[in-house]
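For reference, the structure is listed below as structure tokens.
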Protein chains: 2
Amino acid sequence: MNGADRLCDTLLVNDVDVCFANPGTSEMHFVAALDRKPQMRCVLGLFEGVVTGAADGYARMADKPAATLLHCGPGMANALANMHNARRARTPMINVVGDHATYHLVHDAPLTSDIESLAHPMSHFVRRIASSEDVGPAIEEAYVASLTLPGVTTVILPADCAWNSVEPAALKPVKLPALKSVDAATIREVAASLRQHGARAAIMLTGLALREKPMEMAARICAATGAQIFAQMSNGRIQRGAGRVAIPKIHYPIDKALEQLKDVDYLVLVGAQTPVGFFAYPGKPGRLVHDGCEVTALAQPGDDLPAAITALAEEMGATKTAPAFIAPPRKEQPGLPTGPLDADKVCSIVSTLLPENSIICDESVSSGRMFYFDCHSAPQHDYIQLTGGAIGEGIPLAVGAAVACPDRKVIGMQADGSGMYTVQGLWTQARENLDIVTVVFANRTYQILHGEMRAVGVNDFGRNATQMLNIDEPALDWVSMAKGMGVEAARATTAEEFTSLFKAALAKKGPFLIEAAI
Amino acid sequence: MNGADRLCDTLLVNDVDVCFANPGTSEMHFVAALDRKPQMRCVLGLFEGVVTGAADGYARMADKPAATLLHCGPGMANALANMHNARRARTPMINVVGDHATYHLVHDAPLTSDIESLAHPMSHFVRRIASSEDVGPAIEEAYVASLTLPGVTTVILPADCAWNSVEPAALKPVKLPALKSVDAATIREVAASLRQHGARAAIMLTGLALREKPMEMAARICAATGAQIFAQMSNGRIQRGAGRVAIPKIHYPIDKALEQLKDVDYLVLVGAQTPVGFFAYPGKPGRLVHDGCEVTALAQPGDDLPAAITALAEEMGATKTAPAFIAPPRKEQPGLPTGPLDADKVCSIVSTLLPENSIICDESVSSGRMFYFDCHSAPQHDYIQLTGGAIGEGIPLAVGAAVACPDRKVIGMQADGSGMYTVQGLWTQARENLDIVTVVFANRTYQILHGEMRAVGVNDFGRNATQMLNIDEPALDWVSMAKGMGVEAARATTAEEFTSLFKAALAKKGPFLIEAAI
């Protein structure tokens, strides 16, 4: 057996059994080894951004990493934007990047590049494999790091480390170290401050703290003290819907975000970062809390966030308190809108018809900005979203979620401008017959940038600004593009047409795309 | 006026008047400034790989850099693969990457990343702008570097450096330093060795040495001594066709490349690298010349390559010698193939019908590997190709070439697997109504990898290898995809159909795509 076999075996013994792949010549021994392991599910992406975006969506739903197979520095470069999003979501991921044979690097062959320099900014862990015998230890380290840091790991596999032989060995799963727990002094201090600040305190959650149970526990604390609760602006996954905590996220538009936090004098972070503006704007603050607000981290990424919340609730005697903010079920089914279609009507129809236990992948950008807030009382669902602002994550994210959860309906809320960055992901949806409805908000513009241009004082656009902010000339025909990649698709221009298409898409299994002309 | 205005003015005064762009929020002031400069042509790409691939194609044909506008680290990450290709072609390019305002970086907002670490591997020059007054000097430096190193330059523009004001100033074009000339001792030494080695010597050219006149001069030297002549395996641009030097390139398949160079005992590099295998293969050498071959650089990238060749010819008294290897015109028009279509027939038809003064963009990978060699006696044309092995360059390269040369027909020879990486470039072809015929070799497989798998000893593919190497299920419908992006398209399944479509496409102006089912 060779290093590539060891790589596959090490992944499989640790229950990493999905590999999103876009291989090249330097990975042929890896591909040959994968071919000898039918228990590994290999999913091809026609572009590397599809590969890492899918690995991100997969791990957010499966709670374990997928492997990726990427080809040399330039192949990984194409994967970096969605690695960036995964890094911000702190998604466990094991990227395997093929490189030239160790002794070939000196020749500076055409595909040679500094992979480490490229990988570091978008990875929490980078490791170059030194020999075929080093493959097993490297993959084990990456696996542990992906789940404990947690985050994106990148392992560089020189071709000769894949093709040289290794001694056969009986492999065992690695024992994962326990997540770090928060010290008692911090718990006591936060508890005291929460009591002291009452309704002028807030708790901000992200990561595993946004699952049903820890959120509910945090909401018990809020009920006990009057504190508010927030999720970060962008998060890997939120479990939500009727009967769960109706947790507001921080808004993207800076004025709305400042408004949300203006009365908070004490902010407790649970895995979250201090909230800041997505961008800087002349004359506006960078931090979203006011200058007098005290910010304390109860727990950091890599800590056991649910346990920290429970410990805090215990300290406060709030573990049995009825939780605040629980979303009631809808009293009656809201009526469905009619007439010419617009973004709000699309959001309203999707929210109204949302199936129980579905997964929402949100890259709707400006069009669906209020969708999240409209869905608090919808049937229970998981909500996963663009996290790092690197657009082109939506279509792949849906791929990964659907691979992880084949029995659940995945609904992609997709802005058209953003969708074009990784449009190739539609082909993978067709290839794998994934159960995804993609709703494209076809406003034929980078709508978000129109607002940002006005924010810098430009209201009348000349030819150059129009050329750079509008994508209407020629109009993108999403139905043709989807069909070209094997995905059934149709266009809706009225609310009635959208409702009818969306119902039909929910009733069938397999990928379907609706171009919502708004 | 502000820093963004200064940026535009500095580009324009130096005759950089095309900006390939994919903007985001942090570049709004730059977009607003471009909107005030109608003399700057702004060309939108719906994905950043389109932007830098187009800038590469543009500069190869215009012999001056284009600017690009990219959005933060993740936006530039999407651009890196084609920056890598441009780096290998040593194409002049000025990338302007927007970043957060200087004072906002400390907050680690979602889109923040280490742009320098990402940029360095794919750039010859990286510079972060320090203030609005630093914008002008930084752009001037990048402009000079792009043309003298020559190569890819990346300038990081923090948002506040764009929006803060600058003192108005009368701008003048920068004076470009002369390219370095080769010292007389080197010329004498190379001349002596060429005389000594006779037919067992070879000259290997790249860069500006591959234009008509310097190639002809090199061929005079070859005529005088019996030396062979070669172009590198991959080159930015070659001027070729009947009446010009029929210069062979080094083959990609390693055994064929070794065969080409096996009798060369003395190799003179003119801007070129020592030829090496594109990849390492177990048991095969890395260098393509034999161990006893002496390799000497007559001139390095950044030297005045045409002047070095002329100096060498003068030293050898060969400036008037009749050049060797001049391709004769075709004696008679070859017959056009008929019957079921295959890759060779496509190449043959394109070669036969090639219009005078056209531009070939070659990313045909395995399907068109012999096309280059079939075209030595075709009407005169420019040949530009994938240089760094980072596939997904073909469609954007054609965009850039067509923007640079609006009066010339651009013909894209496009592998289907590679074409999918930057398929969004078709939309820019439609938006700008560029005169491009894209020929897609639709073999529905990563054909090159089938060969590479056999090279590692795998002949029977199981499910996983099949899933990763074939792209036939579902079949990509290029006609639908192209139409979805506004490009007229049709499919050919026979040689007769292909001939008819190709003739029609040549006869019209504007983009047209032919899916050649092979």
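The values are calculated or read from the model by the stated rules, or taken from the named source; none is laboratory data. The shown structure was predicted, so the numbers you read here are calculated from the model rather than taken from an experiment. Please note: Cβ atoms are built from the backbone with ideal geometry, for glycine as well, and neighbour counts cover all protein chains shown. Remember, those area values only see protein heavy atoms, side chains included, never the ligands or the DNA or RNA. Shrake-Rupley method; radii C 1.70, N 1.55, O 1.52, S 1.80 Å.
Beta bridges assigned by DSSP with both partners in chain A are antiparallel in approximately 10 percent of cases.
With label points set 7 Å from Cα along Cα→Cβ, the inter-copy distances at residue B:509 are 5.4 nm, sorted shortest first. Relative to the other identical copies, residue B:105 shows label-point distances of 2.7 nm, where the label point lies 7 Å from Cα along the Cβ direction and values run shortest first. Couplings 3J(HN,Hα) for the stretch B:423-431, derived from phi with the Karplus relation 6.51 cos²θ - 1.76 cosθ + 1.60 (θ = phi - 60°), are 4, 4, x, 4, 4, 5, 4, 6, 3 Hz, where x marks Gly and Pro. Could you state, as a whole-number percent, how many of the C-alpha pairs of the stretch A:3-163 are farther apart than 22 Å? Here the long-distance tail beyond 22 Å is 30 percent of all Cα pairs in the stretch A:3-163. Taking amide hydrogens as modeled 1.01 Å from N in the peptide plane, which residues meet the under 5 Å criterion relative to residue A:489, leaving out close sequence neighbours? The answer is A:513. Here chain A has 51 percent of its accessible surface on carbon and sulfur atoms, given a 1.4 Å probe and all protein chains in place. Within the protein assembly as shown, antiparallel bridges make up roughly 10 percent of the DSSP beta bridges whose residues both belong there. Note on exposure: B:186, B:10, A:466 ranked by accessible area (1.4 Å probe, complete protein assembly) read A:466, B:186, B:10, with the most exposed listed first. For residue A:243, the distances from its label point to the matching points in the remaining copies are 8.2 nm, ordered from shortest, with each point set 7 Å beyond Cα toward Cβ.
Close amide H pairs (under 5 Å, H built 1.01 Å from N) link residue B:246 with B:326, B:327, residues at least 5 positions away or on another chain.
Measuring nothing but how far apart in sequence close Cα pairs (under 8 Å, 6+ apart) lie, relative to its length, chain B scores a relative contact order of 15 percent. Between residue B:66 and B:59, B:94, the built amide H atoms are under 5 Å apart, and every one of these is 5 or more places off in sequence or on another chain. List the lysines whose Cα sits under 23 Å from the Cα of residue B:172, skipping any in the same chain fewer than 8 residues away. Output for residue B:172: B:37, B:64.
Measuring spread by the Cα atoms of the stretch B:225-279 yields a radius of gyration and Dmax of 11.8, 35 Å. Peptides B:51-60, A:160-169, ordered by how many other C-beta atoms sit within 10 Å of their residues on average, highest first, read B:51-60, A:160-169. Once the Cα-Cα distance is subtracted from the 0.36 nm per residue extended length, the residue B:326 to residue B:494 segment shows a gain of 57.1 nm. For the set A:483/B:409; B:180/B:256; B:320/B:409; B:249/B:331; B:320/B:503; A:320/A:509, the pairs lying more than 32 angstrom apart at their alpha carbons are B:180/B:256; B:320/B:409; B:320/B:503; A:320/A:509. Pairwise Cα distances in the protein assembly as shown exceed 42 Å in 39 percent of cases. Give the shape of the stretch A:135-177 as rounded, prolate or oblate, defined through the alpha-carbon gyration tensor: a ≥ b ≥ c are the square roots of its eigenvalues, a/c under 1.5 means rounded, and otherwise the shape is prolate if a/b is larger than b/c and oblate if not. Oblate. Multiplying each eigenvalue of the alpha-carbon gyration tensor of chain B by 5 and taking the square root yields semi-axes of 36, 31, 22 Å, largest first, rounded to whole angstroms.
Each peptide in A:233-239, A:262-268, B:85-91 was scored by the mean count of other Cβ atoms within 10 Å over its residues; highest first, the order is B:85-91, A:233-239, A:262-268. Rounded, prolate or oblate: which fits the stretch B:91-221 when a ≥ b ≥ c are the square roots of the eigenvalues of the alpha-carbon gyration tensor, with rounded for a/c under 1.5 and prolate only if a/b beats b/c? It is prolate, given that a/c is not under 1.5 and a/b is the larger ratio.
The tail of the calculated P(r) for the stretch B:343-517 beyond 21 Å holds 45 percent of all Cα-Cα pairs.
Ignoring everything except DSSP H segments at least 4 long, calculate the 222 nm mean residue ellipticity for chain B; use -39,500 (n - 2.57) per segment, divide by total residues, nearest 500. Dividing the helical sum by the residues of chain B leaves -11000 deg cm²/dmol.
Among beta bridges identified by DSSP and lying wholly in the stretch A:343-517, the antiparallel ones come to about 5 percent. Looking at chain B, the accessible area is 31 square angstrom per residue; that uses a 1.4 Å probe and ignores ligands, DNA and RNA.
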